[in-house]
Amino acid sequence: MINSPSVFDLIRRYDLDPKKSLGQNFLVDESHLARIAAAADLTPADIVLEIGPGLGVLTRHLAAQAGRVVAVELDDRLIPILQELFADQPHVSFVHADILKVDPAGLISDDRRQTADGESVAPRNSPLATPYKVVANLPYYITSAVLRHLLECAQPPTRAVVMVQREVAQRIVAGPGDMSLLAVGVQFYAEANIVQKVPAGAFHPRPKVDSAVLRLDVRPQPAVTDVEPDWYFEVVRAGFGQKRKQLRNSVSAGLGLNKEATEAGLAEAGIDPRRRAETLTLQEWGALAKALGKGNSEIEGLRD
C-alpha cells in the first residue's frame, strides 16, 4: 500500500472544497487506486500522462511504477499543492492546462512543457514518436470529448485506463445490437474492456452514479482501413442521427441521398435496408461508407 496522506487529510490541510463546476469527485478508496494503476500494466520504461490528478493520490501509485509521470490539471489551486507533495520525485511533473486544448503527445515531449498553442509531433504512429500511456479519472461531462481527443490525435497513447460513468463504460464496450455512436467512435480506434466497477461510495464527494474503469488498448491501425475516417464517421453519424428509423431512412436523411441511392449503397454493402444503426458492426459501417463513397459516380448522381 502506498504510504501517503489521504484525500481527507489533504482537504483539511489545504482548506479545499471540490469544485462542482469541474466535476471533481476524488477517489478515496485505496484498493481501487491500486487496481487502476495495475490495469495500466506499468514498467520503469513507461511514460504516463495522467489527466486530472486532483490531490495526487493516484499519482503516487503511478509514480511508484512508471519511469516518468506527467500530470495535466485544470484546477490552478492544485498545481502548487501537487508540486509540494511531489517535490522529492523529479520524475513526476505537473502542467496547468485544459487537456482538450493541448496536444496529448506534446505534453510528454522532452522539455516537459506544452503551451496552449500546441506543438508539432511526429505523424500518427510514427516510430519517431515517444510511446506513452494515459491514466485518468475523467469528469463525466467531458468523457466523450476527451476520449475522442486522445484517440484521434496525431500520436495517441498505446493504452488508456480511464474512470468513467458506469453507464458510459457499458455503452462503449457494447456489441452489435446495442451499438451507439460513442461505441463505434471508440472501438474504431481501440479495443475496449471494463476492468472493474467502482461504487459511488468510493469517492468524495459522493457522485449520484457508480463508475467503472475502462481500459482502451489502442490499435496500431484503425479497425477499418480502406475508408477515410472523416467519411466513415459522416456515414455513421447519419445512421445514428435517427437511430429509431431503418437505415434506408436515417442514412438517406443524414447524407442528403434519395431512397434509391441509399438502398443501392446498402445493397452493395450487403446490408438489409430495414436494419437499424445499433445492429451494424464496424466492418459493416466500413462497407457502407465505401459503397456510398463520394467517388462512387452511380451514387453521386442520385444525391438530393
Q | Tilt relative to the chain, helix 30-39 - C-alpha long axis, 0 to 90 degrees, to 10 | A | 50
Q. Residues with beta-carbon under 12 Å from that of Ala238, excluding Ala238: net charge, scoring Lys, Arg +1 and Asp, Glu -1?
A. +3
Q. Near Lys19, which lysines are there with a Cα under 29 Å away, not counting those fewer than 8 places off in the same chain?
A. Lys101, Lys133, Lys197, Lys208
(Q) I need the shape label for region 180-257. Rule: rounded when a/c is under 1.5, else prolate if a/b > b/c, else oblate, with a, b, c from the alpha carbon gyration tensor. (A) oblate
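Cβ under 10 Å from Leu16's Cβ, Leu16 left aside: what net charge do those residues give with Lys, Arg +1 and Asp, Glu -1?
Combined, the nearby Lys, Arg, Asp and Glu give +1.
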(Q) With +1 on the Cβ of every Lys and Arg and -1 on the Cβ of every Asp and Glu, and nothing else charged, how large is the dipole of the chain about its Cα centre, in debye rounded to the nearest 20? (A) 840
Q. Listing Val102, Val69, Val48 from the residue with the fewest other Cβ atoms within 10 Å to the one with the most, what is the order?
A. Val102, Val48, Val69
Q | Cα gyration tensor shape of region 229-300, rounded if a/c is under 1.5, else prolate or oblate by comparing a/b with b/c | A | rounded
Q) How large is ³J(HN,Hα), in whole Hz, for each residue of region 266-277 in order, when computed from phi with the Karplus curve 6.51 cos²θ - 1.76 cosθ + 1.60 and θ = phi - 60°, using x for Gly and Pro? A) 5, 5, 4, 7, x, 10, 4, x, 7, 5, 10, 4
(Q) Can you list residues from other chains, or at least 5 along the same chain, whose modelled amide H is less than 5 Å from the amide H of Phe94? (A) Ala71
Q. Helix 282-291: angle to the longest alpha-carbon principal axis of the chain, degrees 0 to 90, nearest 10?
A. 40
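Hand me the trypsin sites (Lys or Arg not before Pro) from region 231-290 located in a DSSP loop with no more than 16 other Cβ atoms within 10 Å, in residue order please. Show your work: numbers first, answer last.
Details: sites: Arg237, Lys243, Arg244, Lys245, Arg248, Lys259, Arg274, Arg275, Arg276, Lys290; in loops: Lys243, Arg244, Lys245, Arg274, Arg275, Arg276.
For trypsin sites (Lys or Arg not before Pro) across region 231-290 that sit outside H, G, I, E and B with at most 16 neighbouring Cβ atoms in 10 Å, the list reads Lys243, Arg244, Lys245, Arg274, Arg275.
No value in this document is a laboratory result; all are computed from the given coordinates. Note that the structure is predicted; figures quoted are calculated from it, not measured. Positions of Cβ are generated from backbone atoms using ideal geometry, with glycine treated the same way; all protein chains shown enter the neighbour counts.
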